[in-house]
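Asker: Starting off with a structure, shown below.
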Amino acid sequence: MKRWLFLSAAGALAASAMTVAHAQSAVSRLEPTKGNATAGSVTFTQKGDKVVVEAKVSGLTPGGHGFHIHEKGDCSSGDGMSAGGHFNPTGKPHGNPSVPDHHTGDMMMLVADASGNVSLSMELGAMTIGSGATDIVGKAVMVHKDPDDYTTQPTGNSGERVACGVIAKN
């Protein structure tokens with residue numbers, strides 16, 4: 001009986017460790033667009049039906065900055081326009097990610113401190129990693145110069161693109 005309990009406990013622990021080891025994750029290294037100094041990294045981790053987004057960004061002006069996933073994983077143009085528009089496979093209007101109707105690529109705004117740095121963690125439900133129509137792998141993460149008003153269609157009036165990074169699966 002003791003041996004069976006030990007084996008059951010060991011099996012449960014191994015299954016738990018395998019679940020953690022196989023969590024879908026992706027990363028994006030943000031590079032500045034031409035004439036800008038913004039850089040950083042963004043990690044995405046699938047946790048059930050949510051994706052945890054963790055961003056560390058520097059080189060911003062203090063205050064708010066639009067932060068989105070764009071439809072194309074292409075940061076080759078100097079101005080970030082090669083990444084296309086916001087990632088929106090479900091055809092929703094642009095909006096705050098805390099409300100049901102918004103682009104899959106809409107994320108909470110980055111708010112830089114007096115030194116131009118941001119460390120942000122959020123949990124989003126509209127996207128996935130590795131499968132389905134809302135899969136963000138191969139798309140681009142974009143940081144914008146201005147705050148997102150979450151109202152103006154289709155961009156939130158966030159202005160110039162100051163950093164871009166392609167999302168790659170870990």
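Each value in this text was obtained by applying a stated rule to the coordinates, not by laboratory testing. Not measured: the values here are computed from a predicted model. Every residue, glycine among them, receives a Cβ derived from its backbone with ideal geometry; neighbour counts consider all protein chains shown.
Asker: If exposed trypsin sites (Lys or Arg not before Pro) are those in a DSSP loop with at most 16 other Cβ within 10 Å, what is the longest stretch of the chain that has none?
Answerer: Values: sites that count: Lys34, Lys72.
In short, 73-170.
Asker: Treating the beta-carbon of each Lys and Arg as +1 and of each Asp and Glu as -1, no other charges, what is the dipole magnitude of the chain about its Cα centre, to the nearest 20 debye? It would help to have the intermediate numbers written out before the result.
Answerer: Numbers: 13 positive and 15 negative charges, 163 e Å.
It works out to roughly 780 debye.
Asker: Could you give me the radius of gyration and the Dmax of the chain, taking only the C-alpha atoms into account and expressing both in angstrom?
Answerer: Expressed in Å, the Cα Rg and Dmax of the chain come to 18.3, 69.
Asker: Once the Cα atoms of helix 2-21 and of the chain are each reduced to a long axis, what angle between those two axes, in degrees from 0 to 90 to the nearest 10, is obtained?
Answerer: 10 degrees
Asker: Within the chain, how many Lys pairs sit with Cα atoms under 23 Å apart, leaving out pairs fewer than 8 places apart on the same chain?
Answerer: 21
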